Amino acid sequence: FHTPCTGPGCALFGFSHPGIVQGSGYDSSVPGAQPVRSADNWDGKLQLTWQATDNVMAYGGVSRGAKAGGYNAGSTAFYTVDQTIFADEVLTDYEAGVKSSWLDNRLRLNASVFYYDYNNVQVFSQLGPSTLTFNDDARIYGAEFEMQARPTPTLTLGANVSLLHSRLDPLAVPNVLTGTVAMVSQRFPNAPDTTVSGYVRKEWPVGPGYVAIQAYVDRIAYPQLA
């Protein structure tokens, strides 16, 4: 990978700086470059279930998945040789829960808890005109609760509660105006700490089928980071 700059403004804008890939290139002749990469990651799932009674089932399991790493690239490369390559993303999920039904299956109650051991999360940042992918670790845990009731054959009530804690390990964030560097922990995008929802569904038989109306409401909370 090499996008050399030969115009008179190259030095002015830093394009020819030997400390960045834009100036040095990235191939086997460049010290520290790894133009060939491989990994021995694996995916898998192990889950056990226990039918405690006819109406109650408990489960627990471990799942592991990997997402391949790669290389930063683009028309501009303001990152260093060491920043060019990013590692595989590996997620190990530990989860346990209970599913149950009551009152002749008119009431269903489910609950689960989980913990994500997240290594080498592929995080994106803007480095000058370059988009940079790099790795950071994270820990995610939470719980989910679900209730569904059918007081009559044509009326269904439901409620769900989700609790989630998602944080990347602290990242160094420089302030270009003051020259200081702050260690900042960030929440995953689209990962609210609390979600509460409920719905009501009413059905009416019509010929061979039915007509239904459903009302739904939810509440999503994004508390400020400490």
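The values are calculated or read from the model by the stated rules, or taken from the named source; none is laboratory data. The structure displayed is predicted, hence computed values, not measured ones. So basically every Cβ, Gly included, is an ideal-geometry build from the backbone, and we count neighbours across all protein chains shown. Only protein heavy atoms, including side chains, enter the accessible area calculation; ligands, DNA and RNA are left aside. Shrake-Rupley method; radii C 1.70, N 1.55, O 1.52, S 1.80 Å.
Here are a few things to note about the model shown:
- Within the shell defined by Cβ-Cβ distances under 13 Å, the residues around Ala143 carry a net charge of -4, with Lys and Arg each +1 and Asp and Glu each -1.
- Estimated distance in nm for a label pair at Tyr141 and Ala191, the labels positioned 7 Å out from Cα along Cα-to-Cβ: 1.4 nm
- On the basis of the beta-carbon distance and an R0 of 41 Å, Ser101 and Ala39 show a calculated FRET efficiency of 0.40.
- Only one residue of Leu171, Val206, Trp102 has its Cα farthest out toward the positive end of the dipole of the chain, where Lys and Arg carry +1 and Asp and Glu -1 on Cβ, and that residue is Val206.
- Spin-label model, Phe124/Phe13: points 7 Å from Cα along the beta carbon direction are separated by 2.2 nm.
- If R0 is 25 Å, the Cβ-Cβ spacing of Thr92 and Val173 corresponds to a FRET efficiency of close to 0.35.
- Summing Lys and Arg as +1 and Asp and Glu as -1 over all other residues whose Cβ lies under 11 Å from the Cβ of Val161 gives a net charge of -2.
- Here the peptides 213-220, 163-170 are ranked by packing, the mean other Cβ count within 10 Å, and the order with the highest first is 163-170, 213-220.
- Mean-position separation - Cα centroids, the range 1-15 and the range 132-178, in angstrom: 44 Å
- Surface analysis of the chain yields an accessible area of 64 Å² per residue, using protein heavy atoms and a 1.4 Å probe.
- Distance between modelled label sites at Tyr199 and Ala52, nm, 7 Å Cα→Cβ extension: 2.7 nm
- Computed over protein heavy atoms with a 1.4 Å probe, the carbon and sulfur contribution to the accessible area of the range 94-169 reaches 59%.
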